[in-house]
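Student: The structure is given below, and queries will be raised subsequently.
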Amino acid sequence: MNRIPFELPGQEAAVTKSGAESVEPPLVLQYWSMALRHRWVVLGIIIGSIVVGILATLLATPQYSATSRIEISRQQQRITNVQGVESEETGRDLEFYFTQYSLLEARSLAERVSRQLNLPRNEAFFAAHGVEPEGGALLNIGGDRPLDSAALAERQNLVVETLLNHVGVNPIRSSALVDVSYSSASPSLSAQIANAWVQQFIAQSMDRRFESTADARRFLETRLDGLRQRVEQSERDLVNYASRRGIVRLPQESDGPSRNMDTLAGSNVRQISNALAQATVARVDAEGKLDAARVRRANEAALQNPALNELRKQLAEVESEYSRALVQFEPEYPAAKALREKADSLKRSIAAQEGRAVESYVSNYEAAAKREDALKARLDKLLDQLNREQRDSIQYNIYQREADTNRQLYDGLLQRYKEIGVAGVGANNISVVDAATVPERPSSPRLAINLLMALAAGLALAAAAVFVLENLDEGLREPDQVRQRLGLPLLGAVPIIEDGNVRDLLANPKSSQSDAYFTVRTNLGFSTDHGVPQSLMTTSTSPSEGKSTTSFALATILGRTGRKVILIDADLRKPTINKYFDAENEFGTSNYLAGDDNLDVLIQPTTHANLSFMASGPQPPNPAELLGGRRLQQLIAELRKRFDHVIVDSPPMLGFADAPLVANAVEGVVYVVESQRTPVRGATLALRRLAEAHARVFGVVLTKYRVNQAGYAYGYGYGYGYGSDARDKADAEEN
């Protein structure tokens, strides 16, 4: 007997001789099939969700929402005028607005609103939100009864949590506007809290700005104190050093560092230098005049003397009169003589005057030379002093630079300190555009929205339920899953019997069951090289999956095609084949296995054409021992001589060792699996046992299949397409 090793699940399944490959249905169609299979669950969940949504809407307390709109302008806060490292455009990022939105939902803001409105003592607030604080209500709304700190703290926490749960921040897209809404059962309370919320947000923003400037102011005050001490110490060191070294600086009118100021020694040197230059010029001029007088250029110099010029004028007039007198008189004439004596007197006066002029030149020269020498001596002393001062100015400049640097730092920080004094008094970047008004209509619940939400929730729950049910269901639902999950070819899919019994349906060649089993018979003809196997057995994973019906149907179909067939009931524990023929189970297979060789008595005829059967016979105490002996193989061999086909109905696989023993006596196995019932793990385990017994499995018959469960006519259509032509062709191949 030729045996083909059984392929375990997960291995590549062999293609049937018909060459038919399984086609995966579209994914959407698979989902639709899942929904149809569990349509009542899906429908129940959706209807339940809608009913819950309606009840929740009708029973919910109406909520009133009040909305206040504010504008948040982009603003980059800067304490000092120093240019920051980041560009001013950085504040325009979305990060700024996201920060503001988060601040609008901050717990600290809710605490400010609670304190402003005194909500922990407001019983109307708790009533509007349907919450009951611990300790019960106050005696009255005014809160005459005092609360201890613990109770007040608990109420405060409850108020803050309630505020945060009912406030909404909704930015308006592509704008700097933000809607702040608050919802409660009280319209007036909603409007009051919405307005208080934005007001406290503005106040919190301003407080935060003042707090930031206060920190900077305290920091600058500390730095200013330190710099003030450093300035005083550096200036004190500068003055002390200048006093010790005799350095006197002269102030200048122009602005600038004090190290550019001139010293007293330098100023004296410049002044003496200028005076010395003037004295040198005067001495050179006096020396020139003296030299001119000494080379008898006194008359030229005397021309510049008014007294000499007057004497010379008088002398010229007297000499002129004397010359006229000589024309008339003698030189000794008294009038002429008097003129001559007068002229001589004038000449003596001129000579004396000229002598005094030369002496003045000498005295002027000597005075100029003496002044020049004195200025030179003074300049030499001042230069020595200036040189010493310049050597000392190196350390002096060090003290001066340190004092100037400390002064500049102190002045700069002092200016910044003055600026931050008014830094937080600038224009606020948050403003209220529209204040909240008392709403006239409730904002929730909304029946249409709640129904849509309930429908969406129902669909989601239904999808989850279908997903769970599909994963919990390990049965085979579709014919294509046989090859995918068991790794075996599908011989056929038999539809479930809704009305009637199997014998009547198989008696009608046009019935769907008859046509489905004819498909199984046709595919069995392709499973071997000699057509339909001469001997085969049917088994299943567990009882009541349709293996006995399959055995009876195959035997009937084969007999109808003119082949001699015998159906053997090898289920010695729970026989059922005799019921299909309305016969008694008095003798049969167990008798032969026990040693009775009279087959003519054990084989019973039937009313079906070309079909005989052997009942199970009396139930033995040891079925496995009987089936494990050589008598079963002898029985099959003897019957193959008398019949064309021997079909054995064996016990199910799980829990018994009978089926693998029967499989060793036949040519192959037809494995029956009930649709949507048999777990894949159980079928896999049973098939592995057959593989370990070296049994050949021809394929799987999927029974009790619901044709329309997938939403499209599939099922027994595997074989339906063969029709009468296929049946005639198969019969011709058999013959």
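Student: Look through region 615-669, keep the residues that are among the polar types (S, T, N, Q) and crowded, with 21+ Cβ neighbours inside 10 Å, and return whichever of them is farthest from I557 (Cα to Cα). Step through it out loud before you land on a result.
Tutor: Pass one, region 615-669, residues among the polar types (S, T, N, Q): 616, 619, 622, 633-634, 650, 664.
Now drop any that are not crowded, with 21+ Cβ neighbours inside 10 Å, which leaves 616, 650.
Numbers: S616: 22, S650: 19 Å.
Filtering first and then ranking leaves S616.
Student: Further question on the same structure: Looking only at region 549-577, filter to residues that are in a helix (DSSP H, G or I), of a type outside the set (G, A, S) and touching a strand residue (DSSP E or B) at 6+ places or on another chain (Cβ under 7 Å); which one of those is farthest from A615 (Cα to Cα)?
Tutor: Among them, the one singled out is L558.
Student: Additional query: Give me the residue from region 670-689 that is outside any helix (DSSP H, G or I) and of a type in the set (S, T, N, Q) and, out of that set, surrounded by the fewest Cβ atoms within 10 Å (Cβ to Cβ). It would help to see each step written out before you state the result.
Tutor: Of all residues in region 670-689, those outside any helix (DSSP H, G or I) come to 670-679.
Right, trim to of a type in the set (S, T, N, Q) and you get 675-676, 678.
Working: S675: 25, Q676: 17, T678: 23.
This residue is Q676.
Student: Right, Q200: part of a helix (DSSP H, G or I), within 22 Å of Q100 (Cα to Cα) and among the polar types (S, T, N, Q) or not? Full working, then the answer.
Tutor: On the way: part of a helix (DSSP H, G or I): yes; within 22 Å of Q100 (Cα to Cα): yes; among the polar types (S, T, N, Q): yes.
For Q200, the condition - part of a helix (DSSP H, G or I), within 22 Å of Q100 (Cα to Cα) and among the polar types (S, T, N, Q) - is met.
Student: Here's a check for you: in region 514-541, which residue that is free of Cβ contacts under 8 Å to residues at least 60 places away in the same chain and not hydroxyl-bearing (S, T, Y) is surrounded by the fewest Cβ atoms within 10 Å (Cβ to Cβ)?
Tutor: Here is the first cut: in region 514-541, the residues free of Cβ contacts under 8 Å to residues at least 60 places away in the same chain are 514, 517, 529-530.
Now restrict to residues that are not hydroxyl-bearing (S, T, Y): 529-530.
Working: D529: 7, H530: 10.
Top of the filtered list is D529.
Student: Give me the residue from region 468-480 that is touching a residue at least 60 places away in the same chain (Cβ under 8 Å) and in a helix (DSSP H, G or I) and, out of that set, nearest to R681 (Cα to Cα).
Tutor: Applying the filter and picking the extreme gives E470.
Student: Kindly indicate whether any position in region 391-410 is under 30 Å from T57 (Cβ atoms) and either among the hydroxyl-bearing types (S, T, Y) or at pLDDT below 80 (or both). Give the steps one after another, and end with the answer.
Tutor: Of region 391-410, the ones under 30 Å from T57 (Cβ atoms) are none.
Scanning region 391-410 turns up no residue that is under 30 Å from T57 (Cβ atoms) and either among the hydroxyl-bearing types (S, T, Y) or at pLDDT below 80 (or both).
Student: Now for a different question. Just for region 432-463: of the residues that are among the polar types (S, T, N, Q) and assigned to a loop (DSSP other than H, G, I, E, B), which one is surrounded by the most Cβ atoms within 10 Å (Cβ to Cβ)? Give the steps one after another, and end with the answer.
Tutor: Here is the first cut: in region 432-463, the ones among the polar types (S, T, N, Q) are 437, 443-444, 450.
Filter once more, so that each one left must be assigned to a loop (DSSP other than H, G, I, E, B): 437, 443.
Working: T437: 13, S443: 15.
Taking the candidates together, the pick is S443.
Student: Looking only at region 486-506, which residues are within 19 Å of T606 (Cβ to Cβ) and in contact (Cβ under 8 Å) with a residue 12 or more places away in the chain? Before you say what the answer is, go through the steps one by one.
Tutor: Within region 486-506, the first condition is being within 19 Å of T606 (Cβ to Cβ), and the residues that meet it are 501-506.
Passing the criteria: V502, R503, L506.
Student: Considering only residues that are modelled with pLDDT under 85 and over 21 Å from D582 (Cα atoms), look in region 484-508 and name the one that is surrounded by the fewest Cβ atoms within 10 Å (Cβ to Cβ).
Tutor: Kept after step one, since they are modelled with pLDDT under 85, are these residues of region 484-508: 484-485, 496-508.
With over 21 Å from D582 (Cα atoms) added as a condition, the list becomes 484-485, 496, 498.
On the way: Q484: 13, R485: 16, I496: 17, E498: 6.
Once the filter is applied, the top-ranked residue is E498.
Student: Right, D644: charged (D, E, K, R), farther than 21 Å from A683 by Cβ and at pLDDT 90 or above or not?
Tutor: Numbers: charged (D, E, K, R): yes; farther than 21 Å from A683 by Cβ: yes; at pLDDT 90 or above: yes.
So D644 fits the description; yes.
Student: While we're looking at this one, here's another question. For M653, all conditions in the list (1) under 60 Å from the mean Cα position of the chain (by Cα); (2) within 15 Å of S535 (Cβ to Cβ) hold save one; what is the number of the exception?
Tutor: For M653, the failing item is (2).
Student: Residues I47, I70, I54: which one is within 37 Å of the chain's Cα centre (by Cα) and at pLDDT 50 or above?
Tutor: I70
The values are calculated or read from the model by the stated rules, or taken from the named source; none is laboratory data. None of the values given here were measured: they were computed from a predicted structure. Note that each Cβ is placed from the backbone with ideal geometry, even for glycine, and that neighbours are counted across all protein chains shown.
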